[in-house]
1. With the stretch 16-131 as the region, which helices (runs of 4 or more DSSP H) entirely inside it contain at least 3 residues that are farther than 28 Å from Met234 by Cα and modelled with pLDDT under 90?
2. Going residue by residue through the stretch 178-193, is there one that turns out to be of a type in the set (Asp, Glu), assigned to a helix (DSSP H, G or I) and surrounded by fewer than 18 Cβ atoms within 10 Å (Cβ to Cβ)?
3. Here's a check for you: in the stretch 246-260, which residue that is surrounded by fewer than 18 Cβ atoms within 10 Å (Cβ to Cβ) and of a type outside the set (Lys, Arg) is nearest to Ala228 (Cα to Cα)?
4. Applying the selection to the stretch 271-289, what residues are within 12 Å of the ligand (Cβ to nearest atom) and surrounded by fewer than 12 Cβ atoms within 10 Å (Cβ to Cβ)?
Amino acid sequence: MSQQNILEVRGLKKYFEAGRPRLFSRSTRRVHAVDGVSLDLRKSEVIALVGESGCGKSTLSLLLMGLEDPTEGRIIFEGRDITHLNDAQRKGLRRKIQMVFQDPYESLNPTQTIEEIVAEPLQVHGLATSRQVTDEKVKKAMEDAGLKPAEVYLKRHPHELSGGQRQRVVIAAALVLEPEILLADEPVSMLDVSIRAEIINLLAELRITRKIAVIFITHDLGSVGFFADRVAVMYLGRIVEIGTMLDVLERPQHPYTKALISVIPVPNPRLRHERTILQGETPNPIDLPTGCRFHPRCPVAIAICKASDPSFVTLSKTHQAACLLLVK
Ligand code: SF4
């Protein structure tokens, strides 16, 4: 494991059983939710994981959290293989990898006060050693999450807060355990547009002040902005392109990435460009297309794309060059 990497993912796959195609058939159909993902995450790095609904990005985050067992592949955290841990072993790890869910309305218990919500993870992990330690940690986590001064919010209930404040409570409940990695699954998609930038700025601050690495999962490439260090684009269970934020946004290689970028709204009408609207729906992850799985929707597909699949695309080659390699 590289000294710099806090997390390494190698060839990760998650297939779900989807029943038999016909009565008495022996074969079982499988949903290829995550299908050979490899990824490195460095300390305090922000990676944006981008793709349409159903591309596998949320399943990938559940695998990283240990909430799903992978079908194949390895997950290495701080040099330790954590792919198949039992519940007791995983409990210590959960402290270090925390998740921020999409819906701050659903993920908070309406009967608890904010103080109880943020203190609960400390109790679950046996870290609430004294009232004073708990109070200090809760207040610090809340203030680091932007709920300042914490005393104003401690005795309130979730329904007394705005959507943005609720999401800050969710983040505080993750921060209180002093995690190394935050997995933020669409953390702003349920919030008003005016609040989204505040939450993204908060995550950007935390990676500096708390040296936390962030995996920011989103379907909206436009929200990645200048926040992420790197961007990984997923399509049908695979990462089809990964690179620095500037490289991916300004010099995208994969036709899918190009199409996603082309539909990001541009406020200045002089800078507007032609939009690439992908035709058709994302194929069913049970019956994957032959060859390159993007070929039914790819605007530059060639005949060979139906038969051969480039397993991944590196930044050192253009995608078309990768395709030409296939032709040879
Ligand atoms: Fe398009 Fe072919 Fe490249 Fe797939 S391999 S993205 S179909 S050009």
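1. On the way: elements: 57-65, 87-96, 114-124.
Once the helices (runs of 4 or more DSSP H) in the stretch 16-131 are filtered for at least 3 residues that are farther than 28 Å from Met234 by Cα and modelled with pLDDT under 90, what remains is 87-96.
2. Restricting attention to the stretch 178-193, the residues satisfying the condition of being of a type in the set (Asp, Glu) are 178, 180, 185-186, 192.
With the extra rule that they be assigned to a helix (DSSP H, G or I), the set shrinks to none.
No, every residue in the stretch 178-193 fails to be of a type in the set (Asp, Glu), assigned to a helix (DSSP H, G or I) and surrounded by fewer than 18 Cβ atoms within 10 Å (Cβ to Cβ).
3. My answer is Leu246.
4. none
The values are calculated or read from the model by the stated rules, or taken from the named source; none is laboratory data. Note that this is a predicted model, so its numbers are computed, not measured. Note that each Cβ is placed from the backbone with ideal geometry, even for glycine, and that neighbours are counted across all protein chains shown.
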